[in-house]
Amino acid sequence: MSVNPEHTRMAEALLFAAKEPLDELSIAARLPDDADIPAILEFLEKNYRHKGMNLSKLAGKWVFLTAPDLSWLLQDERESNRKLSRAAMETLAIIAYHQPVTRTEMEEVRGVGLSRGIMDVLFDAGWIRPRGRRRTPGKPVTYGTTEDFLIHFGLDDVRDLPGFDEMKASGLLNTEPNGLFESFGDEARSLDPEEEED
Amino acid sequence: MSVNPEHTRMAEALLFAAKEPLDELSIAARLPDDADIPAILEFLEKNYRHKGMNLSKLAGKWVFLTAPDLSWLLQDERESNRKLSRAAMETLAIIAYHQPVTRTEMEEVRGVGLSRGIMDVLFDAGWIRPRGRRRTPGKPVTYGTTEDFLIHFGLDDVRDLPGFDEMKASGLLNTEPNGLFESFGDEARSLDPEEEED
Amino acid sequence: MTERTGLFDKDNKFASDVHAVPSENALVVDLDGFEGPLDILLVLARDQKVDLLKISILELSKQYLTFIEQAQKLRLEIAADYLVMAAWLAFLKSRLLLPQDEGEEGPSGQELAERLAFQLKKLEAMRGAAEKLINGTITGRDRLKRGRPEGVTVIRHSKYECSLRELLTTYAQHEERKGIRNPLRLMRSAVFSVEAAIERLENMLGKLPEWADLRAYIPKELTDPFSIRSAEASTLLASLQLVKEGRMELRQTESFGPIKVRKTIRRDEE
């Protein structure tokens, strides 16, 4: 079979990038006039028959699809990523900036009680861990972030988290100054992370 | 070259089906333990080099993309473009070439203060991220580029930035203060970007 | 020179490339198109058509000073940093022209000139780099991903999605909203007092003549669940108070159903 290799490349690219299956007419419309569309498609179909993806004809239109016998490979990747709730994000941020921090302290900072689910989600994500116990009455458990947290957010050290003023200076925050707030960076760091390691 | 053809099909299917570039670890995790991932990827890369789509390495990850010389054919499939101002693009280049780089250092290269919107746009695009802190007085936050930046601009590594090695060798990427306006006394201080209000 | 084209169009020239370069006769001076004094210097320097490291800084200084003079003649608003640069260049010019005094401190005029040239070279390098990046092989423009991937996602290390930026802004916004150094103030503003609710109901009551859900009277700007709960409770108490005073009517047709309120309609008004 001798199809023009340049025409073949074009059809290949078109079919690859197409968002919908393509019929022969739409392929012909994009290729040079002298392209032999049926021959090209036959050639491609044969060429991809034993590869990881096949060129298939569905309802008269052509489309690249993963080889059916390999679909199992993709199955358990279908897990959809869940978006972290705002409450969970806020709690995670508080833990990151104030660690080690107790549950009561988190609630104080947020001004609302912590629902059970939130901490569960953060544990489940592998981003927080118990760090030790505060040496105060009741010896409450303190929490901190994990190495996975650092890896996920691309940080070397929790101390690298930018402070409020710095974020503001770099335009990260579109907030108007309210005069209330100075800098939480220092405050957060006054809770020395080394204070009581487990 | 003798790579296991069944393993090759599997990698092909995975790369073909994935929505994002895949790193070698992710591919290895799906394939049988004895699969020779680097050899498979090398084989596939060669195999697709002259086809309508190529296997490319971006940000250390592998992805099938249409051949660049065929882009004229695929105008309808293009993703909508993000329009960046010259200032934003220049700032992005400065961050990419100088990373990790502080805000003050960026301002010195451009000779003007950074308006807040610029960093915001770059953050929104997902192209820059805080990298850590400079170990100098004030511990300023440094910035760098993200994996998405590399993927978008078609680079495997920061070192692949156009002209990077030459610029580095000729000292153009040094971030030490130029000391230009120091000798000029007090007046020059109004050029100091740090004095600009935010 | 304010036209901004999409930078992602191929072969797009950057704004600076089409600046009207003020030569002797060109009186068109537009500062709007420039991004600071260094930008102007670079445009002027390119006019000398040599490697930036070999340009005549003396000549460049003259050109810049002429440029600023022209702008001043035209009474254009000139930002302070342009004038500072003018002053600095005048100073540099004098250093370059006059023999250096013995015992004069600081770098020589020649050294300063070299540093300035290098600084311009740096800016030019970054400008060229930005252009090359934009005209390079852009994923999604020059190289396309597969149009309809099977919908399989990448193996991620985490089941949950949250970017660093989201994390940082959430915290900062939260902190700012709350005011960490002023917890008492926080409590005051978070609890919606009965007095405030009465005042609000009184002000709004006249504007809604028909039966309306009591919830409609809760301040819309409240977002956190605690404040909303507090406002609900206070507004209910306030409505009971107003009913007691005969200024408002209240009805609820079923248990836990919506509570409707309206202004008491006086007989003499009907």
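A short reminder: the numbers here are calculations on the coordinates, not readings from a lab. The structure displayed is predicted, hence computed values, not measured ones. Cβ sites come from the backbone with ideal geometry, for glycine too, and all protein chains shown count toward neighbours.
When Rg and the Kirkwood radius Rh are both evaluated on Cα atoms of the range B:81-189, their ratio Rg/Rh stands at 0.98.
On average, how many beta carbons from a partner chain sit within 10 Å of the beta carbon of a residue in A:149-162? Write out the running numbers ahead of the final one.
Numbers: counts 2, 0, 2, 9, 10, 9, 5, 3, 2, 0, 3, 7, 8, 10.
Taking all residues of A:149-162 together, the mean is 5.
Could you compute the FRET efficiency for A:Glu45 and B:Ser85, with r as their C-beta to C-beta distance and R0 at 41 Å, rounded to 0.05? The value I calculate is 0.30.
Report the relative contact order of chain B, percent, no decimals, based on alpha-carbon pairs under 8 angstrom and at least 6 residues apart.
Details: 202 pairs, mean separation 34.6, N = 198.
Value for chain B: 17 percent.
For A:Lys61, a cut-off of 19 angstrom between C-alpha atoms picks up these lysines, skipping any fewer than 8 places away in its own chain: A:Lys19, A:Lys46. With its label point put 7 Å out from Cα toward Cβ, B:Pro5 sits 2.2 nm from the same residue's point in the other copies, in order from shortest. Counting Lys and Arg as +1 and Asp and Glu as -1 over every other residue whose Cβ lies under 12 Å from the Cβ of B:Glu147, the net charge comes to -3. For A:Ser56, nonlocal amide neighbours, meaning residues 5 or more places apart or on other chains whose placed amide H falls under 5 Å from its own, are A:Val63, A:Phe64, A:Leu65. Just so you know, the Rg over Rh for the range A:5-67 is 0.92, from Cα atoms, with Rh as the Kirkwood radius.
Going by how many other beta carbons lie within 10 Å of each one, how would you line up A:Asp23, B:Asp124, fewest first?
Listed from fewest to most nearby Cβ atoms, that is B:Asp124, A:Asp23.
When A:Arg86 is represented by a point 7 angstrom out along its Cα-to-C-beta vector, the spacings to that point in the other copies are 4.0 nm, nearest first.
Can you give the percent of C-alpha pairs in the range B:32-111 whose distance is more than 20 Å? All intermediate terms of the calculation are to be shown ahead of the outcome.
On the way: 1899 of 3160 pairs.
Of all Cα-Cα distances in the range B:32-111, 60 percent exceed 20 Å.
Between B:Asn174 and C:Arg75, what FRET efficiency comes out of the Förster formula 1/(1 + (r/R0)^6) with R0 = 30 Å and r the beta carbon distance, rounded to 0.05? Intermediate results must be reported in sequence, preceding the final value.
Working: r = 40 Å, r/R0 = 1.34.
Working from the Cβ atoms, E equals 0.15.
Sorted ascending by nearby beta carbons within 10 Å, beginning with the fewest, C:Lys49, B:Lys168, A:Lys51 become C:Lys49, B:Lys168, A:Lys51. In terms of other Cβ atoms within 10 Å, C:Thr169, A:Thr146, C:Thr223, B:Thr102 run from fewest to most in the order C:Thr223, A:Thr146, C:Thr169, B:Thr102. Per residue, the Cα convex hull of chain B amounts to 171 Å³. Compared with the alpha-carbon gap, the fully stretched path from C:Val194 to C:Leu97 is longer by 27.1 nm at 0.36 nm per residue.
Between B:Pro32, B:His50, B:Leu114, the Cα set farthest toward the positive side of the dipole of chain B (charges on each charged residue's Cβ, about the Cα centre) is that of B:Pro32. Across the identical copies, the label point of B:Lys139 (7 Å from Cα in the Cβ direction) is separated from its matches by 3.1 nm, in order from shortest.
Extension gain C:Glu59-C:Leu222, at 0.36 nm per residue separation less the Cα-Cα distance, in nm? Walk me through the intermediate numbers first.
Numbers: separation 163, 0.36 × 163 = 58.68 nm, distance 6.25 nm.
Taking C:Glu59 through C:Leu222 to full extension adds about 52.4 nm, to one decimal.
Please give the peptides A:103-115, C:56-68, B:104-116 ranked by average Cβ packing (other Cβ atoms within 10 Å per residue), highest first, as a rough proxy for protection.
Details: A:103-115: 16.1, C:56-68: 19.3, B:104-116: 21.2.
Packing order, densest peptide first, comes out as B:104-116, C:56-68, A:103-115.
Close amide H contacts of A:Thr102 (hydrogens built in the peptide plane, cut-off under 5 Å, sequence separation of 5 or more or a different chain): A:Tyr143. Stretching the chain fully between C:Thr66 and C:Arg115 yields a gain of 15.4 nm (0.36 nm per residue, less the alpha carbon separation).
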